[in-house]
Every structure is written in C-alpha cells, then in structure tokens.
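To start, the structure itself, in structure tokens.
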Amino acid sequence: MKNLKLPTWIIILSAIFALLEIMVSFSIYFSPESVAENVDLKAKGVDYLMQTWAIRQFALGFIFAFATIKKSNAMLTIAYIFFLVMMLGDVWIGITQKNSTLIIAATVMSMASAILIYFLNKQKN
C-alpha cells in the first residue's frame, strides 16, 4: 500500500504530539510527584504503577514519532485513535474525580485527535 503525501502541518503536529508524550513519560518516571500530587507515592506498589504508566506514555510517544518519521497515514490514524480513546478515558476520570482541569485538557486533546483523524482519513479519499 502506497503512503500518501501528508500535509506538513500534520507532520509538525504529530511530531509535537510525539515529543509531548515522551516528555510526559520522563516526567512521570523521574518526577512522579509532579504529575500525581494527590497520590501517596510511598505506598506499596505505587512505584510499579507509575513506572508502568511512564512506559506506556513513552510507547505512545515512540509510536507517534515512528509514524511521523515514516509519514504513514495508516500508522498515524491508529496512533490518533488510540490517543482519542485514552483522552476520552481521561475525560471520564476527570468527571468522576471532579477535576475540571483534567476535563478541559482531555476534552481539548480529544477534539484535536478527532480533527487529525478526520484530516488523515480525508487524505485517503
């Protein structure tokens, strides 16, 4: 299957998403207190959960970076679908935790993902 030429703005935004995800993963791994201020980080098993979260964020950043470097419409579409599902989950978490900052941020990122998915699919047609 032939890769379509992606618009420069999609490549730039995808690179930014990749860098953001990788930076978030480093922040979670090396400074968990900066992202989990309401969590007792000394409780048994919490370090494992934080490391797992960090590695998953890194994996998503790596996938975004790889798809961006390859300029692959299909891979970017899948990455953005994954990101959209993750952000919708964060919206739900924000609602259940009554955290308006998380609700707003996750909603904005969900909309950005949906818009990028739309334009990536439009490229195929």
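General remarks:
- Between helix 8-30 and the chain: long-axis angle, C-alpha atoms, 0 to 90°, nearest 10: 20
- Angstrom value of the Kirkwood radius, inverse mean 1/r, which spans all Cα pairs in segment 7-71: 12.5
- The mean sequence separation of alpha-carbon pairs under 8 Å and at least six residues apart, normalised by the residue count of the chain, gives a relative contact order of 27 percent.
- Remark: spin-label model distance Leu19-Ile81 equals 2.8 nm, labels positioned 7 Å along the Cα→Cβ axis.
- In terms of its Cα atoms, the chain spans 50, 26, 20 Å along the principal axes, sorted from long to short.
- Ellipticity estimate at 222 nm from DSSP helix runs (n ≥ 4, -39,500 (n - 2.57)) divided over the chain, nearest 500: -27500 deg cm²/dmol
- Pairwise Lys count, the chain - Cα closer than 26 Å, eight or more residues apart or different chains: 14
- Start at zero, step by 10 Å, and the Cα-Cα distances of segment 72-125 spread as 28, 44, 21, 7, 0 percent across the bins.
- Counting 0.36 nm for each residue step from Tyr29 to Lys44 and taking away their Cα separation leaves a gain of 3.8 nm.
Read-outs throughout are calculated quantities, based only on the coordinates presented, and are distinct from any laboratory measurement. Every value quoted in this text rests on a predicted model; they were computed, and no experiment measured them. Counting neighbours? That spans all protein chains shown, and the Cβs are built from the backbone with ideal geometry, glycine included.
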